[in-house]
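One structure is given here, and the rest of the page talks about it.
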Amino acid sequence: MLIEIMAPFRFIFVPLGSAGDVNPLVWLARLMAARGHESVLVVQAGMVDYPSRAGLRTVAVGDVGAQESLVRNPDLWDPKRAFRLLAKHFPVWAREMVPAIRSVVVPNRTVIVGASIAFGARMVAEADGVPHVTTHLQPAIFMSAHDSPVLMAGMERLKGKPLWMRRLLFKLGYWETDRLLRRATNRVRAELGLRQPAKHILSHWAHSPDLILGLFPDWFGPRQPDWPSQAVATRFPLYDEAPDRPLPPGLESFLREGDPPVLLTPGSANMHARKFFMTATDACWQIGKRSLLITPFKEHLPPALPTGAAHFEFAPFSQVFPRCVAVVHHGGIGTCSQGLAAGVPQLLKAMAHDQPDNGWRLRHLGVGDYLYPTQFQPAEVARRLKILIESSVVTDSCRVMSQRVRQQMPAEKVAEILEGFGREKTP
């Protein structure tokens, strides 16, 4: 039911990335539209289907071929090369998105809600004075020295080091990211008339100076002393297109005809998942469990699926996870949150980005575990899966976390935060 509002805002949502990055802002856009506001998505051309299926106004930007070329690059999943690869694209994407965002701004009643790396949203806000909210989907993006994120193998050891040492290491890390980003970012800013160069691109400038929404609950990522003061943790969106994309034909019968399977999914943007499926299906066979493979890329599948295995191109996780005995996946925050909501054990192949840190948090919560790519071998995956599935401690922890997810901040409260921001920042 629509909620009547005397002066509706136009919210321009600017996601950047794959389905796991786009769906949370689709969720926010639907939420605000249901309260009587205008919601517009400015999204990369290769991802327009997601907001379009949700019935949202969508503005596509960029070249699909170029976007697909990036996804096909294996360096995207390498912990040492991934950021360097993405850093080359951040300013390019910003230049593409700025005119698209500007084209849908309505003076004095617009709020821009951008992803962590949607530099174009930040630039329009800075150049044109449009109110801007930054969204962070995972705690790792804050790069807190107090809660040192695990971004690659070995960084777990940092958590035991003195605080001064962690601060120094993160300062050096930010110096390197600035070296990669500062010149090209400021070149685009200068094109918009922003002559004063920005510094500390990721640690300060990229954040909205007014409001940062952490789209995760505080028990998953507790607030740290070095977070920006304008940051607030809220809740997991848990949007997976379930209202718009039903179970594919045959999946319901597969779920009914045997014991609960282990669901295997390497991420919607993972174009290099053949080894993942070969290893995970082998591990499931070793422990006598059926396997459910979810990927749109049939070329990733093993030449012949073992008995008790089935493949589907898509499945709404909120409907399927509760009917599985475990989930093996890449560690994206959207998949992690759906696993927590379903109360199902999770095993991650943590490659890059926030994946190792999400895995560490699941392990800390007692509901999952993670392996780095060199460790992701059939015997070890089978061993870890067997422990997770058979442990009563893990079962109890999954039940507790599922209850926590059900008790997280109501969606209406998140909407009220955005509405309050709009009232404060617009005339």
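Taken together, the values in this text are just the output of simple stated rules run on the coordinates, not laboratory data. Predicted, not measured: the structure shown is a model, and the values here were computed from it. Because the Cβ atoms are built from the backbone with ideal geometry, glycine has one as well, and the counts that use them run over all protein chains shown.
Given K349/K425; K80/K199; K161/K349, which pairs have Cα atoms separated by over 32 Å? Long pairs (Cα-Cα over 32 Å): K349/K425. Based on alpha carbons, the Rg and Dmax found for region 251-406 are 13.9, 41 Å.
Kindly state, to the nearest 0.05, the FRET efficiency for T374 paired with A7, given R0 = 41 Å and r defined as their beta-carbon distance. Before the final figure, lay out the partial values.
Details: r = 56 Å, r/R0 = 1.37.
Using R0 = 41 Å, I get an efficiency of 0.15.
Using only Cα atoms, tell me the angle between helix 355-365 and the longest principal axis of the chain; keep it within 0 to 90° and round to the nearest 10. The angle comes out at about 70 degrees.
With the contact rule set at Cα under 8 Å and sequence spacing of 6 or more, what percent relative contact order holds for the chain? It comes to 15 percent, rounded to a whole number.
For the chain, the longest principal axis of the alpha carbon atoms and the long axis of helix 333-342 meet at an angle near 50°. When only DSSP loop residues count, what trypsin sites (Lys or Arg not before Pro) in region 63-142 have their Cβ near at most 14 other Cβ atoms within 10 Å? Taking region 63-142 and a limit of 14 other Cβ atoms within 10 Å, the loop trypsin sites (Lys or Arg not before Pro) found are K80, R81. Simple rule: put +1 on each Lys or Arg Cβ and -1 on each Asp or Glu Cβ in the chain, find the dipole, and look at A280, T234, W360; the Cα lying farthest toward the positive end is W360.
Place a +1 charge on the Cβ of each Lys and Arg in region 251-406 and a -1 charge on the Cβ of each Asp and Glu, then give the dipole magnitude about the Cα centre in debye, rounded to the nearest 20.
Working: 16 positive and 12 negative charges, 37 e Å.
That gives region 251-406 a dipole magnitude of about 180 debye.
Sorted into 5 angstrom bins from 0, the C-alpha pair distances of region 156-237 split as 3, 12, 16, 17, 19, 17, 10, 4, 1, 0 percent. If only the Cβ of Lys and Arg carry +1 and only the Cβ of Asp and Glu carry -1, the dipole of the chain around its Cα centre is close to 1020 debye.
Pairs of alpha-carbon atoms within less than 8 angstrom and 6+ residues apart define the contacts here; what relative contact order does region 196-301 have, in percent?
Details: 88 pairs, mean separation 21.3, N = 106.
The normalised contact order for region 196-301 reaches 20 percent.
Computed from Cα positions, the angle between helix 82-103 and the longest principal axis of the chain comes to roughly 50 degrees.
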